[in-house]
Amino acid sequence: MTSRIAGFYRLAPLERLMAVAEQAALGKEEISQIEAGLSLDQADKMVENVIGLIQVPLGIATNFVIDGREVLIPMATEEPSVIAASSNGAKMAREGGGFVTSSTGPVMRAQIQATGIGDPFAARQSILFHKDELTMMANEKDPMLVKYGGGVKDIEVYVIDSKMGPMVVTHLIVDCRDAMGANAINTMAEALAPRIEQITGGRVYLRIISNLSDLRLARAKAVFKAEEIGGHEIVDGILLAAELAQVDPYRAATHNKGIMNGVTAVVLATGNDTRAVEAGAHAFASISGRYKSLTRYEKNKDGDLVGTIEMPVAVGLVGGATRVHPVAKTAVKILGVKSADDLSRIIASVGLCQNFAALRALASEGIQRGHMSLHAKNVAAQAGAKCDLIEIIAARMAAERRINVDRAVELMAELDEKTKEKT
């Protein structure tokens with residue numbers, strides 16, 4: 001298999017699908033599932049009060065090498081230039097060996113909040129004294145998870161001050177294996193609530209998963225050769241742009257949004273919970289008390305750019321839409337992942353790649369050039385242009401830097417007039 005498919009972006013959509021099918025060994029049923037998408041009947045079984053579907057384009061980012069493996073990346077997004085930028089960034093990373101990843105494993109937290117306790121520190125000690133009992137009670141709720149090596153691995157207890165008095169908050173540290181874990185963890189927390197009330201003499205209110213999954217971190221690193229990305233001046237420009245995201249939260253918000261352009265697209269394509277991953281990422285970016293970038297950039301001894309990312313990525317391969325949505329199942333097959341941990345590290349790689357591509361654009365021709373040329377095609381289509389006319393009008397608007405529906409309509413009229421004159 002290779003993720004380098006020459007001229008991929010020039011192919012028609014069906015030709016692209018067949019090229020991906022060949023590389024990922026997709027069968028006829030899987031190909032037809034991608035073509036058909038989600039049915040109304042399937043959607044009705046996924047969420048409540050279904051009345052229809054809203055479609056999001058599904059594309060493939062090419063050129064990725066992750067831990068020495070060629071990977072095609074399914075991405076679901078409505079934003080122009082995201083998939084193209086990711087493919088281009090991955091191509092530049094190939095010369096430096098692609099992306100190298102690691103992770104902390106699929107570990108999540110549940111929180112059980114006990115209130116109305118006069119001696120909170122003594123209550124904390126009492127909960128820890130009963131840790132083995134509580135661990136056994138929780139694991140009894142999901143013997144299958146335990147069978148596969150997961151389950152509660154530890155219990156932590158914190159006393160948290162608040163304007164409504166001290167709260168004793170118990171954290172269940174749970175290895176979720178290949179699940180995202182929300183359902184299993186919430187069930188465990190619910191089961192322990194009455195026992196914690198008995199132990200502490202307090203009243204339990206919240207018992208739920210935390211989406212600040214700081215024990216479920218995915219990391220990726222890539223070396224971008226200076227000659228591949230435009231020279232040493234571009235390297236220095238990227239370093240300066242990245243540094244602003246470390247010290248200025250206004251820049252960091254947009255910087256991290258660029259990361260999430262890639263991350264969320266893969267999370268959505270695989271049927272995972274985009275809101276959980278986004279909440280965890282932004283909370284982790286703020287964990288020091290100041291909102292910062294999720295990526296870091298440095299220059300190595302050869303003058304090449306080295307990019308790294310570390311972020312929470314709570315995703316699963318079992319349960320939820322990943323197992324129900326036919327396109328999500330096929331997207332997972334295209335990725336070739338065997339575990340949720342594998343998927344999280346691929347997602348981190350895409351986040352780093354997307355961020356690098358945006359920073360390189362900012363440090364060279366500017367972010368708008370590529371983005372607006374793609375946006376121009378949408379505007380041309382919105383104005384009523386068809387087929388080859390879309391490309392012609394989009395190119396004219398991009399060259400003029402006047403990209404709006406009124407201008408597209410004017411250009412259509414001009415071209416129509418010229419055609420009439422020739423005939």
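The values are calculated or read from the model by the stated rules, or taken from the named source; none is laboratory data. Owing to the predicted nature of the structure, the values given are computational and were not obtained by experimental measurement. No Cβ is skipped: glycine too gets one built from the backbone with ideal geometry, and neighbour counts run over all protein chains shown.
Of note:
- Residues of region 65-84 that turn out to be crowded, with 18+ Cβ neighbours inside 10 Å and either within 15 Å of Leu305 (Cα to Cα) or among the charged types (D, E, K, R) (or both), as a count: 0
- The listed residue being outside the structural domain of Gly258 (by TED's automatic domain parsing), small (Gly, Ala, Ser) and surrounded by 11 or more Cβ atoms within 10 Å (Cβ to Cβ), out of Ser39, Ser87, Ser3: Ser3
- Only residues that are exposed (fewer than 11 other Cβ atoms within 10 Å of the Cβ) and assigned to a loop (DSSP other than H, G, I, E, B) were counted in region 6-36, giving 3.
- Where helices (runs of 4 or more DSSP H) sit wholly within region 169-258, those with at least 2 residues that are within 21 Å of the chain's Cα centre (by Cα) occupy 182-200, 232-247.
- The lone criterion from (1) in contact with a strand residue (DSSP E or B) (Cβ under 9 Å, 6 or more places away or on another chain); (2) under 21 Å from Thr322 (Cα atoms); (3) in contact (Cβ under 8 Å) with a residue 40 or more places away in the chain left unmet by Pro57 is number (3).
- Residue in region 376-397 that is within 17 Å of Asn261 (Cβ to Cβ) and either in a helix (DSSP H, G or I) or at pLDDT 90 or above (or both) present: yes
- Where strands (runs of 3 or more DSSP E) sit wholly within region 46-141, those with at least 2 residues that are more than 28 Å from Thr330 (Cβ to Cβ) and modelled with pLDDT of 95 or more occupy 107-115.
- Residues located in region 176-201, provided they are more than 19 Å from Glu133 (Cβ to Cβ) and buried (at least 17 other Cβ atoms within 10 Å of the Cβ): Cys176, Arg177, Asp178, Ala179, Met180, Gly181, Ala182, Ala184
- When residues of region 210-248 are limited to those that are among the aliphatic types (A, V, I, L, M) and closer than 12 Å to Asp304 by Cα, the one surrounded by the fewest Cβ atoms within 10 Å (Cβ to Cβ): Leu239
- Some residue of region 57-64 being in the same structural domain as Ala25 (by TED's automatic domain parsing) and surrounded by fewer than 16 Cβ atoms within 10 Å (Cβ to Cβ): yes
- Taking the criterion of being small (Gly, Ala, Ser), within 17 Å of Val266 (Cβ to Cβ) and in contact with a strand residue (DSSP E or B) (Cβ under 9 Å, 6 or more places away or on another chain), the residues of region 289-322 that qualify are Ala314, Gly316, Gly320.
- Members of region 382-405 that are surrounded by 10 or more Cβ atoms within 10 Å (Cβ to Cβ) and charged (D, E, K, R): Glu391, Arg396, Glu400, Arg401, Arg402
- Where a residue in region 390-410 is of a type in the set (Asp, Glu) and its partner, wherever it lies, is in a loop (DSSP other than H, G, I, E, B) and at pLDDT below 90, with Cβ under 7 Å and at least six apart: none
- Scoring Val306 on the criteria (1) within 20 Å of Arg216 (Cβ to Cβ); (2) surrounded by fewer than 20 Cβ atoms within 10 Å (Cβ to Cβ) leaves a single failure, condition (1).
- Screening Ser103 against (1) in contact with a Leu (Cβ under 9 Å, 6 or more places away or on another chain); (2) more than 25 Å from Asp341 (Cα to Cα) leaves a single unmet condition, (2).
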